[in-house]
Amino acid sequence: MKRETLLIIFILLCFSNVTIAQNSENNRTKNALFIELGGYGGYGSINYEYLVKKINKLKLSARIGLSTYNLNDYTNKFNPDVIIPIGINAYYGLKHNIDIGLGQTITSVIYVDNQDYQPKREQRLNTNLSIGYRYVGERGFVFKIGYAPIIENQKMFRHWSLVAFGYTF
Amino acid sequence: MKKHFTTTVLLALLFISCSKDDLRINNNIIVLGHGGMGINQTYPMNTFESIIKCLNAGTNGTEIDVQLTKDSVLVAYHSKNLSDHTNLIGTINDFNWSEIENAFYVSTPYLHYPLLSLDQLFSNIPNLNEHLFTFDCKLYTNSNALNFKEAYINSLSKIIDKYDLKSNVYIESQDTIFLIKLKESDLDYKLFIYPPSFDEGFNIALDLGLYGITISTSDVSREQIEIAHSNNLKVAIWNTHSENKNIEGVNKGPDFIQTDKVKHLVNLLRYD
């Protein structure tokens, strides 16, 4: 658990650079918004990504997203499942990139409590890994495809994949 | 602009009126969920979450798949193999309940809903007797079939008696011997044969004096359902996994629909 917490802190530190760096005129293509099908968010998620560092063809970015499965719980009350994927990605290439990622997904899901059988929120940390391909078009269009296994609750390995579309700005 | 708007409204009205004409509404059809909210939902079938959501959705009740553990606990689970949907390998009957109660579904990333015993379910449903339940009895075992069936019937009778469910439970099975033994154990059970074809089910139901036939909507016609009704047999249909299948099912005039599109069928029958 300590290792996962450190990783989350590291990724959040990457994001803390965003506010400082965004004042620069050169940062216009450092941001990306994308929709990921599959991937870190489970069935899908919307994500923001920030390019933290660029050294020649190598780029390092941090991402954070949001997803859900149910907005209402099983008693029909508004009580959404919340899934927050965060991660870091390393890209190598210019237009065509090799993409390697590592992250943690925080899940807060409503289950039945096995004591009083009322809805109960349970939080878990899950590890995400990814390796794939990313294409960045001239007008900022971004496409990603990859293999993205999940280690659920830091115990159960699941083969998983991702496809993502978005724009840099 | 106004002309386009008028045309659009007229077309919409025409479409709505066609839909209603095509539907033979029978508000006496009993709406049951299929294992709760049905297949391909984020809540897996037969979980507490899925069943309670279904009961809160305006249905009359739900179908539940029922299996027996090695130590004779009835568990709500659909498939033969636990590995199809959960983190365990084997059949329900390979395990004692203490080994199953910590198991969980793995169908969807991050969602680990637990398996459920019927005792857990019925002891935690508010206003239990206001709901109807169909038990789809799955007789998966690697042990002696006859002893297994006796143990199954014994557990089923105990749970029905414990929660006073006799008047609001229907029991269905593909196994004729099992149905005969159930009928011998209590004449008041409402038993359904779940056959491969309507004709086969019809003959068995008449021979054994059963309450009805459970059959896929694809395998039965409106005329066959009318024949069943004229012989005092009820008909429950399932496999209505889309909105069109719900409408097709309603038009056949069955007594029960076990649907995978719960909200649609409730809206169709209760509010149209």
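Laboratory data are not the source of any read-out in this text; all were calculated from the coordinates shown. From a predicted model like this one, the values you see are computed outputs, not experimental measurements. Note that we place each Cβ from the backbone using ideal geometry, even for glycine, and neighbour counts take in every protein chain shown.
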Amide H contacts under 5 Å for residue B:103, restricted to residues at least 5 apart in sequence or on another chain and with H modeled in the peptide plane, are B:115
Positive-end residue, the protein assembly as shown charge dipole about Cα centroid, Cβ charges, pick of B:220, A:51, B:97
A:51
Which ³J(HN,Hα) values in Hz, rounded to whole numbers, follow from the phi angles of the stretch B:160-174 under the Karplus curve 6.51 cos²θ - 1.76 cosθ + 1.60, where θ = phi - 60° and Gly and Pro get x?
5, 5, 4, 9, 6, 9, 4, 7, 10, 10, 10, 10, 10, 7, 8
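Where a ≥ b ≥ c are the square roots of the eigenvalues of the C-alpha gyration tensor, would you call the stretch B:29-270 rounded, which needs a/c under 1.5, or, failing that, prolate if a/b is larger than b/c, or oblate?
On the way: a/c = 1.63, a/b = 1.17, b/c = 1.39.
Since a/c reaches 1.5 but b/c is at least a/b, the shape of the stretch B:29-270 is classed as oblate.
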Apply the Karplus parameterisation 6.51 cos²θ - 1.76 cosθ + 1.60, with θ equal to phi minus 60°, to every residue of the stretch B:38-49 and state each ³J(HN,Hα) to the nearest whole Hz, in sequence, with x for glycine and proline.
x, 6, 6, 10, 5, 7, x, 4, 6, 8, 4, 4
Sorted by chain and then number, the residues having a modelled amide H within less than 5 Å of the amide H of residue B:190, at least 5 places away or on another chain, are B:171
Interchain or sequence-distant (5+) residues whose placed amide H lies within less than 5 Å of the amide H of residue B:131 are none
Final fewest-first order of A:125, A:66, B:179 on the 10 Å Cβ neighbour count is A:66, A:125, B:179
Short to long, in 10 Å steps from zero, the percent of alpha-carbon pairs of the protein assembly as shown per bin is 4, 18, 23, 20, 16, 12, 6, 1, 0
For helix B:176-185, report the angle its Cα long axis makes with the longest principal axis of the Cα atoms of chain B; keep it between 0 and 90° and round to the nearest 10°.
70
Which value, in debye to the nearest 20, describes the size of the charge dipole of the protein assembly as shown about its Cα centre when Lys and Arg Cβ atoms bear +1, Asp and Glu Cβ atoms bear -1, and nothing else is charged?
2580
Read phi for every residue in the stretch B:108-115 and hand back ³J(HN,Hα) as whole Hz from Karplus 6.51 cos²θ - 1.76 cosθ + 1.60, θ = phi - 60°, with x for Gly and Pro.
10, x, 6, 9, 10, 5, x, 6
Between the Cα axis of helix B:2-22 and the main Cα principal axis of chain B, the angle (0 to 90°, nearest 10) is 40
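Greater than 31 Å separation of Cα atoms is the criterion. Which listed pairs, B:162/B:252; A:120/B:263; A:77/B:149, meet it?
Values: B:162/B:252 36 Å; A:120/B:263 24 Å; A:77/B:149 41 Å.
Pairs exceeding 31 Å: B:162/B:252; A:77/B:149.
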When ranked by the protection proxy of mean other Cβ atoms within 10 Å per residue, highest first, what sequence do the peptides A:78-86, A:133-141 form?
A:78-86, A:133-141
Distance in nm between pseudo-label sites at residue A:37 and residue B:204 (7 Å out along the Cβ direction from Cα)
4.2
